[in-house]
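The next block holds one structure in the form of C-alpha cells; read it before the comments.
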Amino acid sequence: MNLLFKIKYVLVRREFMFDPICELKKYGNIDFNQEPGSKEESAQAGLLAILRDEIGRLSRGQFRMTQKLEDFSQEIVEAVENNTGRLGQISGMVDECRESRILLEKELRMMQKEAGQIINAYVTSMDLFDLLTSHLEGSGNESWMQQARIAREKSMEAASYAGIRTVGFQGEFFNDQIHEAMEAVSSENHRYREIVDVLAKGYLYRDVVLRKAKVIVNNKKGAETADEEMYWD
C-alpha cells in the first residue's frame, strides 16, 4: 500500500504524461515478463499488476484531462480573439461618439454666439426705439411717436416668447440684481428706494441678466409700507 501511495503521489505531482513501467522500475528490479515462482513472488506480481492497472487508469484520466485543458485553451483563445474584435468595434464607436460630441459642442458654441449677437441686436434696437420716442416727445408729432411706441411694444412681445423680458420701470423698488443706480435723489413724492426715473431699460434672458436697468432712485427715508418691507425681505 505504501508503494501505491507513492505512485499516486508521483502521478499527482507530474505535469506531463509518463510511462507507468518506468515509474514502477524506480522501486526495484522488476521483470514483468518473468513468470512468478514462489507464493511471495506471485503475491508481488499480483500487487504489481494491480498497481500497473491503477497507473494506467490514472494515465488515461490524465490524458483526458490534458485534452480537456487543450480544448478549453482553444476556447479561451477564440473568446479572446472574438472579444478583441468586439473591443475594436466598441473602440471605434467610442471614437465616433467623441467626434460627434466635439462637433456638437462646436455647433453649440456657434449657436450661443449667434444667439448673443441676436440678443445684442435686439437690445440695441430697443434703445433706438426709446431714443426715438424720447426725441419725438414734445415735438408735436404724435402720429410718429405713437407708431414708434407700437413698434417697440410688438418687438417686446415677440421677444417675450423667446424668454427675453424688460426690467426697469418707474414706481418699482430698486433691486441691485437687476437695477443699476446712476443717481440718487431726495424726493418726498416717492417712497424710499423707489425708482424715480429710468435712463435705460434692462433686459433678462430667462434668469440671466443681459443688462441692468440704469435708474434714478429716491434715497429719502420715510414711512415704508408693508409692501416695501415684504419686497425687501
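Hey, does segment 145-160 have a residue that's under 30 Å from residue 221 (Cα atoms) and in contact with a strand residue (DSSP E or B) (Cβ under 8 Å, 6 or more places away or on another chain)? Checked against the condition, which is being under 30 Å from residue 221 (Cα atoms) and in contact with a strand residue (DSSP E or B) (Cβ under 8 Å, 6 or more places away or on another chain), segment 145-160 yields no hits at all.
Filtering 223, 184, 158, 213 for residues that are modelled with pLDDT under 90, surrounded by 11 or more Cβ atoms within 10 Å (Cβ to Cβ) and not basic (Lys, Arg) leaves a single hit, 158. For first residues located in segment 179-203 and within 30 Å of residue 155 (Cβ to Cβ), partners that are among the acidic types (Asp, Glu) and lie 6+ apart or on another chain with Cβ distances below 6 Å form the pairs 195/172. Just one of the numbered conditions (1) more than 23 Å from residue 163 (Cα to Cα); (2) modelled with pLDDT of 70 or more is not true of residue 107: (1).
Just one of 193, 206 is at positive phi, of a type in the set (Lys, Arg) and modelled with pLDDT of 85 or more; which is it? Lay out the reasoning, then the answer.
On the way: 206 fails: modelled with pLDDT of 85 or more.
So the residue among 193, 206 that is at positive phi, of a type in the set (Lys, Arg) and modelled with pLDDT of 85 or more is 193.
Selection of first residues in segment 98-124 that are among the charged types (D, E, K, R) and of second residues that are part of a helix (DSSP H, G or I), restricted to Cβ pairs under 9 Å at least 6 apart or on distinct chains, gives an empty result.
The values are calculated or read from the model by the stated rules, or taken from the named source; none is laboratory data. This is a predicted model, so every value here is computed, not measured. With ideal geometry, Cβ positions are generated from the backbone for all residues, glycine too; neighbour counts draw on all protein chains shown.
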